[in-house]
Amino acid sequence: MAKGTVLPPEWKEYKDRFTGVKVTQLTDYTGHSHHFYFTENGWYEDGKKLLFISDRENSTNLFSIDMTTGEITQLTDHNTTYGFLSPCLHPFEKKAYFRRNHQIIEIDLESFQESIIYEGPTNLSGGNLNCTADGKYIITCNREDLSDKIAIDLGNGYVGHRELMEAKPKSQILQIGIDDKKSKVVYEEESFITHINTSPTKNNLITFCHEGPWQLVDHRIWGLNLENGDVWKIRERTEEFEMVGHEYWHEDGEHIGYHGFRKDGTGFFGKIQYDNSNMEEVEFNFVNWHASSNDFSKIIVDGRAPLDKLIIWGKEDNQFTNPKVLCEHRCSFHVQKVHAHPRFTPDGTKLLFTSDKNGYGNLYLVDLPEDLNQLPDFEG
């Protein structure tokens, strides 16, 4: 298949067998399809189209689904697999960015024309991509490639995860000009850096993380001011071996959401302002992989085996409801491509997730009830 190929709709609707909510399976192909990482928005043209990644004809490419017709358009035609592509959208232009090995490529979402905006050294491994809020820069990270010394397969079972943390690879955060294609290192240290997240409203603010097993890493969430180079810890541990991570920006670009586990295993989700003020946390009694929200009025988490459902909370009179069962996901989490990674649509009316419950990863879209009290309480 070539770029520009339009495929017929694959979607089909059903009612969740536990809660009755309407779920639309958006893709149906014998090969993995998945949406962007949960910290990245894939919706564009005012929510009329959604970008996603799919492994079809033994190749990994970028696709778009028209949410009015269900038609799927192939946007790239690379003839090999490149893992996750790590794509991100330009905040206001019809452009997207993705990785191809050591290259970062811009694609025009109307003409499908591609251009290389950065090519990194082959002795470094590249990380995820983010656009700054003003649309002027791509922010990403590189780290020393230690694959000749450590068995590494992070996307398929976190192989080498702890070993990389302990090896303290040389890492750097890059700022790449979208127009002039000039790159500069804005921060570097000897630590396993990943999870670059740009504030959606503050041009100069990003977060990054020190990667590794959460209970063992020195500190997980860090802030960086791109203008003056200031770096600071965000949401320090409150007790030994506490785990905090999977951080993401709220849409206000001021607050950061996250989840974690206390030393005794109690789960929690929370939010904090980038300057470490206004922290608020809510505990729950099961194990999950991710938490996500647009703000702190409605939170979704995905249960981890043996819990195979999406659990949602909403605020009423400034208090969270009991945890509610939204629907089952039955996701294996076996590899990164089939993590559920739930994410609300920008308007907060629907929820997108990936599941391999039918054997292959596919995208699912859930219609959220206006009143969450219609949903059954979760009983752990």
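Key figures for this structure:
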item	result
Mean-position separation - Cα centroids, segment 1-66 and segment 130-153, in angstrom	25 Å
Phi-based couplings in Hz for segment 244-255 (Karplus 6.51, -1.76, 1.60; Gly and Pro marked x)	9, x, 6, 5, 7, 7, 5, 5, 6, x, 10, 9
Å³ per residue enclosed by the Cα convex hull of the chain	135 Å³
Residue with peak Gaussian network fluctuation, the chain [Cα springs, cutoff 10 Å], from Gln175, Gln74, Gln319	Gln319
Per residue solvent-accessible surface (Å²) - segment 1-88, probe of 1.4 Å	44 Å²
Cross-link pairs beyond the 20 Å C-alpha cut-off, checked among Lys271/Lys315; Lys149/Lys182; Lys12/Lys49; Lys49/Lys202	Lys149/Lys182; Lys49/Lys202
Length-normalised contact order of segment 55-169 in % [C-alpha pairs under 8 Å, at least 6 apart]	15 percent
Whole-percent carbon and sulfur share, accessible surface of the chain, 1.4 Å	44 percent
Segment 120-136 - phi-based ³J(HN,Hα) in whole Hz, Karplus 6.51/-1.76/1.60, Gly and Pro as x	x, x, 6, 8, 10, 9, x, x, 6, 10, 9, 9, 6, 4, 7, x, 8
Derived scalar couplings ³J(HN,Hα) [segment 163-180; Karplus, 6.51 cos²θ - 1.76 cosθ + 1.60; whole Hz; x for Gly, Pro]	4, 5, 4, 6, 6, 6, x, 5, 10, 9, 9, 10, 10, 10, x, 5, 7, 8
Relative contact order (percent, whole number), segment 280-354, Cα cutoff 8 Å, 6+ residue spacing	23 percent
Amide hydrogen neighbours beyond the local backbone of Cys327, cut-off 5 Å, H modeled	Leu310
In segment 212-262, the GluC sites (Glu not before Pro) that fall in loop regions by DSSP, at most 12 other Cβ within 10 Å	Glu227, Glu236, Glu239, Glu240
Relative contact order of the chain, defined on C-alpha pairs under 8 angstrom at six or more residues apart (%)	13 percent
Amide proton proximity set for His246, modelled H, under 5 Å, gap of 5+	none
Built amide H within the under 5 Å cut-off of Gly361, gap 5+	His32, Ser33
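The values are calculated or read from the model by the stated rules, or taken from the named source; none is laboratory data. Remember, it's a predicted structure, so these values are computed and weren't measured experimentally. Because the Cβ atoms are built from the backbone with ideal geometry, glycine has one as well, and the counts that use them run over all protein chains shown. Only protein heavy atoms, including side chains, enter the accessible area calculation; ligands, DNA and RNA are left aside. Shrake-Rupley method; radii C 1.70, N 1.55, O 1.52, S 1.80 Å.
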